[in-house]
Amino acid sequence: MEEETIKKRIATVLPMLNERQSRLYLASEAQSIGWGGQTKIASLSGKSRFLIARGEKELQNPDMQVAANSIRRKGGGRNTADTGFGRLQFANQQKGQ
């Protein structure tokens, strides 16, 4: 019965959260269960235990938390398209001379 309640709560809330918020939410759910919480929440949510463990680390360590308006830490994600394009354009100009 309790598992159905947790699963329903996760299914209701998770679609409204971004990546970081969902990590923190699932981690708090796991912590409220206690021992075995990561495994139980992972099976109920379909997310990995690694993701939930990372969320728990972020909750416990304020230094790991990112700025309020960011989802990932600085340096995460792909480089912008113009990062490598300038070198390519320079090489093409040199070839044309």
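The values are calculated or read from the model by the stated rules, or taken from the named source; none is laboratory data. As the structure is a prediction and not an experimental result, all values here were calculated from the model. We place every Cβ from the backbone using ideal geometry, glycine too, and count neighbours over all the protein chains shown.
A few comments on the model shown:
- The helices (runs of 4 or more DSSP H) found wholly in region 1-52 and carrying at least 3 residues that are among the β-branched types (Val, Ile, Thr) occupy 2-13.
- For beta carbons closer than 7 Å, sequence separation of 6+ or different chains, a first residue in region 46-65 that is among the polar types (S, T, N, Q) and a second that is part of a helix (DSSP H, G or I), the qualifying pairs are Ser48/Ala42; Gln65/Glu58.
- Members of region 34-45 that are without any contact (Cβ under 8 Å) to a residue 40 or more places away in the chain and either aliphatic (A, V, I, L, M) or in contact with a His (Cβ under 7 Å, 6 or more places away or on another chain) (or both): Ile41, Ala42
- Only one of Gln21, Gln38 that is under 18 Å from Lys57 (Cα atoms), polar (S, T, N, Q), out of contact with any Pro (no Cβ under 9 Å at 6 or more places or on another chain) and modelled with pLDDT under 90: Gln21
- Residue check for Gln94: surrounded by 13 or more Cβ atoms within 10 Å (Cβ to Cβ) and modelled with pLDDT of 65 or more: no
- Just one of the numbered conditions (1) more than 16 Å from the chain's Cα centre (by Cα); (2) basic (Lys, Arg); (3) at pLDDT 65 or above is not true of Arg87: (3).
- First in region 7-33 and more than 18 Å from Arg49 (Cβ to Cβ), second anywhere and not hydroxyl-bearing (Ser, Thr, Tyr), Cβ under 7 Å, 6 or more apart: Asn18/Ile71
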